[in-house]
Amino acid sequence: MVQFNLPENSKVLKGNYFKDTTGSKNIKKVNIYRWNPDKNENPKIDTFEVDLAKCGNKVLDILNKIKNEIDPSLTYRRSCAHGVCGSCAMNVDGVNTLSCMKSHKDINGDINIYPLPHLKVIKDLVADLSTLYRQYESIEPWLKIKEQKYKAIEINQSKENRKKLDGLYECIMCACCSTSCPSYWWNGEKYLGPAVLLQAYRWIIDSRDEERKERLKTIADKLKLYRCHTIMNCTNSCPKGLNPAKAISSLKKMLATN
Ligand code: SF4
Ligand code: SF4
Ligand code: FES
């Protein structure tokens with residue numbers, strides 16, 4: 001059998017152990033991926049003993065507690081803390097999720113926290129999303145209208161047409177779906193991935209947009225769209241309960257029938 005080994009400097013090593021100093025009886029062990037580009041060292045897993053008696057319910061509360069009270073160098077993204085901005089996406093307990101939405105009470109045993117998978121790591125839990133943002137920009141996620149007069153006045157939309165955007169407009173571009181998609185892992189430079197395709201579909205079916213045909217033509221590409229093999233990891237991982245796999249199959253259907 002063929003065996004693949006990581007290069008020596010990519011092997012994840014055992015890191016530091018931060019023992020509880022409070023004497024609390026409610027301690028949780030939290031294992032966190034660490035990598036610092038400024039140090040010429042392998043990535044490592046640090047373990048923190050965290051006093052849950054004095055901690056909020058979410059995984060983000062644990063990270064904030066570690067940063068504020070144990071190791072200020074711990075690096076991760078967060079902003080809204082309410083599942084709105086998408087910046088705290090990471091892999092918790094083997095699943096891509098928003099750390100501000102994920103309750104640590106649901107996790108038995110140690111908590112393992114890694115950056116979103118299959119992306120370059122910038123530092124610790126911060127993954128490099130620049131390719132995904134470039135792809136997002138490529139689908140031109142804004143209303144495109146040709147009629148000059150509509151550029152100055154409000155464009156009305158019927159309730160029925162507005163309803164078609166439900167399940168799409170709620171997407172916060174957190175990238176949990178794209179980074180759980182095997183097709184995106186292997187072809188991330190070319191395949192647009194579920195997050196960007198859901199966004200593409202959102203603009204294509206907006207009744208106010210006047211470039212539906214051009215938008216469809218842009219994504220009708222065997223690598224950009226048809227790399228989706230309906231594996232459904234994306235839908236299973238969306239912390240907002242959206243269904244990118246369905247949006248992708250709707251796009252394929254539109255292309256087949258247009
Ligand atoms: S359904 Fe398509 S986009 Fe979703 S995980 Fe599978 S291959 Fe990726
Ligand atoms: S579809 Fe869900 S998982 Fe994917 S980017 Fe949008 S909110 Fe995140
Ligand atoms: S911090 Fe904004 S979604 Fe989690």
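Between Lys146 and Glu214, the simple label model (points 7 Å from Cα in the Cβ direction) yields a spacing of 0.9 nm.
Given +1 at the Cβ of Lys and Arg, -1 at the Cβ of Asp and Glu and no other charges, the dipole of the chain around its Cα centre is 660 debye to the nearest 20.
For the chain, with a Gaussian network of springs between Cα atoms less than 10 Å apart, report the residue from Lys222, Lys159, Lys58 with the top mean-square fluctuation. The residue with the greatest mean-square fluctuation here is Lys159.
With unit charges on the beta carbons (Lys and Arg positive, Asp and Glu negative) and the dipole taken about the Cα centre of the chain, which residue among Asn57, Ile27, Gln148 sits farthest to the positive side? Of the candidates, Gln148 comes out farthest on the positive side.
Figure legend: label point modelled 7 angstrom from the Cα of Ile107 along Cα→Cβ; residues of the stretch 58-81 with amide N under 15 Å from it are 58-67, 75-77. Note on the stretch 62-125: Lys pairs 8 or more places apart or on different chains, Cα atoms under 19 Å apart, count 5.
With helices as the sole contributors, the chain gives -7000 deg cm²/dmol at 222 nm; each DSSP H run of n ≥ 4 counts as -39500 (n - 2.57), and the sum is divided by every residue.
Using R0 = 35 Å, the C-beta based FRET efficiency linking Ser10 and Met232 works out to 0.75.
No value in this document is a laboratory result; all are computed from the given coordinates. Remember, it's a predicted structure, so these values are computed and weren't measured experimentally. In this analysis, Cβ positions are derived from the backbone assuming ideal geometry, glycine residues included, and neighbour counts consider all displayed protein chains.
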